[in-house]
Amino acid sequence: MIKNDKGRPVVIDCDPGIDDALAIFMALASDQLRVVGISTAAGNVPVEHTAANALQLVELAGCTIEVCKGATDPFCTKRKTAESVHGKNGIGDVRLPESIGKISDRAPHEMIFAKAEDCSGELEIIATGPLTNIAETLLIYPSIRNKIKRIWIMGGAAGSGNRTPAAEFNIFADAHSASAVFASGIPITMCGLDVTNKALIYEDDINTLSGFGNIVSQKSALMLRWYLGFYKSFGFNGVAMHDPFTVAVAIDPTLVKTKHLFVDVETEGEFTLGKTVVDMLGVSGKEPNVDVALELDNDRFVKLFKNLMISYG
């Protein structure tokens, strides 16, 4: 039984999403993290699906955690979703048991601020979707900048994008919110496509996961088979584990090599909207604000992923 009563306090802000689902399972199983709340936004699918998915995932894991439904749309642009990647329901059209509990009455900004107060400067946020909820929290409660220990972000890239040639999906989906979060002064670790595209598991790994004999691993394997089909259509032999890898780095930061760099987000460009502009050479003269992950240990990541998933058995 997963108890989720040890470790550093974290809020997961997400848009489940197949890889968000796996990331949630990993975080709940780790004794290094204590998930104190989950907030959802529109992203991979509309927020009605992401909130319902998050609650069902938490309950499937045997946990009771506050789940808040947040942003339905980005601040300044039209909503972008990714059903072609994640299925109509967001989790590869895999059916989960109906939830027993209810979505929280609190908005994400209320929950995040309250948890930050409760945790006395120790709260961390793992962000695996568009950053709308976090930006809104910063706007409503500016003092929270001093109460968040670190934000671990799956998003962006020092190189090329995946939603456009320039931009990664989570940042592109709400570039203005991302810009506000990166400029907040809160310590940030960015796990962008430079590392997450190399955080790969393969069909043999999925078969192993399916054989673990617990419902969390079996449902996860079904989701991953959907995901693998998508990746094979783009010439990948494996599945890029974007969000799970970000949780893994929050659990064990030694999985990556980072460089402290200045990062901003393009909010106006016709061809570059949502690009994370990473000053690799320091030519801007601006103070570095983000620990950018650039290299990874994939073997250790896969081992950690499997160990956490088998713990549900």
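Readers should treat all values here as calculations from the given coordinates under stated rules, not as data from a laboratory. All figures in this text were calculated on a predicted structure; none of them were measured in a lab. In this analysis, Cβ positions are derived from the backbone assuming ideal geometry, glycine residues included, and neighbour counts consider all displayed protein chains.
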Residue by residue through segment 160-167, which ³J(HN,Hα) values in whole Hz follow from phi under the Karplus form 6.51 cos²θ - 1.76 cosθ + 1.60 (θ = phi - 60°), with glycine and proline marked x? 8, x, 10, 8, 10, x, 9, 10
By the C-alpha gyration tensor axes a ≥ b ≥ c (rounded if a/c is under 1.5, else prolate when a/b exceeds b/c, else oblate), the shape of segment 78-198 is oblate
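Taking each pair of distinct Cα atoms in segment 252-313 once, what is the resulting Kirkwood hydrodynamic radius in Å? Show your work: numbers first, answer last.
Values: mean 1/r = 0.0704 Å⁻¹.
Hydrodynamic radius (Kirkwood, Cα only) of segment 252-313 equals 14.2 Å.
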Considering the dipole of segment 1-75 built from charges on the beta carbon (Lys and Arg +1, Asp and Glu -1) around the Cα centre, which of PRO46, VAL67, ASN4 is farthest to its positive end? ASN4
Name the residues whose placed amide hydrogens come within less than 5 Å of the amide hydrogen of ILE201, ignoring near sequence neighbours (fewer than 5 apart) on the same chain. VAL239, MET241
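If you take every DSSP beta bridge whose two residues both sit in segment 8-310, what share of them, in percent to the nearest 5, is antiparallel? Let's see the in-between values first.
Details: 12 of 37 bridges.
Here the share of antiparallel DSSP bridges comes out near 30 percent.
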In 10 Å bins starting at 0, how do the alpha-carbon pair distances of segment 8-310 split up by percent? 7, 31, 39, 20, 3, 0
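With charges only on Cβ, +1 for K and R and -1 for D and E, what is the dipole size of the chain about its Cα centre, in debye, rounded to 20?
On the way: 29 positive and 38 negative charges, 70 e Å.
With Lys and Arg at +1 and Asp and Glu at -1, about 340 debye.
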Once amide hydrogens are built 1.01 Å from N within the peptide plane, the residues lying 5 or more places from VAL277 or on another chain with amide H under 5 Å from its amide H are ASP264, VAL265, GLU266
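So which helices of the chain fit the span-like rule, where a helix is a whole DSSP H run, its Cα atoms reach 20 Å or more along the axis, and its mean Kyte-Doolittle is at least -0.5? All intermediate terms of the calculation are to be shown ahead of the outcome.
On the way: long enough: 215-233 (28 Å, 0.24).
Passing helices, by number: 215-233.
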For the pairs LYS219/LYS303; LYS6/LYS115; LYS149/LYS259; LYS88/LYS219; LYS259/LYS306; LYS102/LYS147, note any where the Cα-Cα span goes beyond 24 Å. LYS259/LYS306; LYS102/LYS147
Considering the chain as a Gaussian network with a 10 Å cut-off on Cα pairs, which listed residue, ASP204, ASP19, ASP194, attains the greatest mean-square fluctuation? ASP204
Kindly identify segment 143-249 as rounded, prolate or oblate by the Cα gyration tensor criterion: order the square roots of the eigenvalues as a ≥ b ≥ c, call it rounded if a/c is under 1.5, otherwise compare a/b with b/c, prolate if a/b is larger, else oblate. oblate
Which whole-Hz ³J(HN,Hα) couplings does segment 67-73 yield from phi under the Karplus relation 6.51 cos²θ - 1.76 cosθ + 1.60, θ = phi - 60°, glycine and proline marked x? 10, 10, 8, x, 4, 8, 8
